[in-house]
Amino acid sequence: MLLQVLGTAAGGGVPQWNCACPGCAGARVHPRRRRRHASLAVRSGGPGTRWHIVNAGPDITDQIESVPALLPGPGSRETPVAGVILTDAELDHTLGIARLRETEGFTVRATTPVRDALLDRLRLGDVLSPYTAIEWRELSEKPEALSAAGPVGRWRQGGGSEGPGAREGGERGPGALSAAGSTEGCERTGTLEALSAAGDDGRRGQGERPGALSAPGPTERRDPDDRLNALSTPGSIEVSVSAIPVSAKRPRYAAGPEPDDPTWSVALRLDEPTTGASVVYAPAVATWSDALDAAVRSADVVILDGTFWDDDEPVRSEISTRTATAMGHLPIVGPHGTSHRLAALPGRCLYTHLNNTNPLNDPAAAQHARLAERGLEVAAERMVIEL
């Protein structure tokens with residue numbers, strides 16, 4: 001299993017365009033402190049396999065362009081990006097879907113409330129159907145293989161699928177979005193892309209620099225310009241993905257009288273049964289559930305919500321009248337903090353989704369040393385993790 005960190009910031013990025021807080025001001029003076037919206041790419045090590053991007057924010061095309069392994073080729077319109085997996089329906093995790101409209105087609109895997117919000121509230125299906133074919137797939141608590149969705153370019157622009165399931169007259173097959181954006185008859189339990197992996201156990205390294213902002217650890221290589229060929233191995237070892245419900249918090253645009261659903265925001269578990277490697281990716285954690293606790297205890301790598309350093313940060317920074325917990329993000333330290341939980345885990349643990357007010361945006365901040373004492377890190381932009 002191979003992970004490419006594409007971004008590590010919360011909504012707005014670092015710097016945020018309308019913010020002059022110390023974190024944003026520092027990032028403008030020191031460009032290396034800049035962070036793009038939190039996102040992760042997952043791919044196999046085998047030749048010819050493709051990538052899946054976890055959460056597609058407004059930076060998505062810049063993030064793709066910054067990683068040569070994600071660039072198109074060898075055909076003029078061939079892309080190694082097969083689709084998107086969503087942990088929630090927040091704008092900073094979904095606006096990038098529209099920026100992928102130039103491709104002939106791609107998959108989006110999401111839970112039911114997230115998919116419905118994007119189609120019914122944002123009308124994303126209606127907006128994009130004249131440009132591209134989106135195949136919506138259900139993300140559930142049941143592990144499903146990320147299996148092949150067909151060859152590159154199997155969808156026709158503005159028409160139907162060239163691959164299996166194509167209908168006469170160019171009508172899109174099951175699982176693809178209809179011209180009106182409907183998901184009636186949509187395949188809900190399909191699979192995405194076959195992934196494979198290479199050796200390392202992904203455990204937390206010893207003696208790593210606080211925050212791992214420049215020096216790579218033993219399970220990562222920051223050499224994106226070689227197209228990650230050095231990390232690839234032939235063959236195909238499937239990886240499965242499953243959802244871990246973490247919060248009923250819905251985006252503001254999706255407010256309504258419907259009953260709360262704990263799958264509005266989920267963590268992802270990526271498992272590779274052949275090697276036993278597993279990863280938990282949870283960029284927005286409002287509560288520490290038993291299911292999440294069990295998943296992180298058995299994971300080789302945990303990448304967790306690090307939006308706020310402590311519970312009072314939003315109020316102290318005058319960005320909100322609510323605490324971090326009330327905003328749907330468990331803080332890193334304090335009575336409800338996650339750092340003491342992560343420090344007890346056997347796997348390697350990193351924080352992502354940093355708000356621009358978080359002191360961890362400054363690589364010289366004393367908070368990095370506090371994390372290092374517990375064996376924890378902050379995920380670095382463009383970090384590569386191999387399991």
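The values are calculated or read from the model by the stated rules, or taken from the named source; none is laboratory data. Not measured: the values here are computed from a predicted model. Neighbour counts are summed over all protein chains in view; Cβ atoms, including those assigned to glycine, are modelled from backbone coordinates with ideal geometry. The accessibility values were calculated without ligands, DNA or RNA, using every heavy atom of the protein model including side chains. Shrake-Rupley method; radii C 1.70, N 1.55, O 1.52, S 1.80 Å.
Computed quantities for the displayed model
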{"item": "Average projected area [Cα convex hull, segment 12-140], square nanometres", "result": "9.4 nm²"}
{"item": "Shape call, segment 1-51: gyration tensor on alpha carbons, a/c limit 1.5", "result": "prolate"}
{"item": "Alpha-carbon Rg with Dmax, taken over segment 314-387, Å", "result": "13.2, 41"}
{"item": "For a label point 7 Å along the Cα-to-beta-carbon line of Val315, residues of segment 336-374 with backbone N under 20 Å", "result": "336-338, 355-359"}
{"item": "Estimated FRET transfer efficiency when R0 is 30 angstrom, pair Asp120-Thr287 (beta carbons, to 0.05)", "result": "0.70"}
{"item": "Surface accessible to a 1.4 Å probe, Tyr253 within the full protein complex, Å²", "result": "60 Å²"}
{"item": "Column: log10 I(q)/I(0), Debye, Cα scatterers of segment 1-85, q = 0.12 Å⁻¹", "result": "-0.41"}
{"item": "Extension gain (nm, one decimal) between Ala20 and Ala326, 0.36 nm per residue minus Cα-Cα", "result": "107.8 nm"}
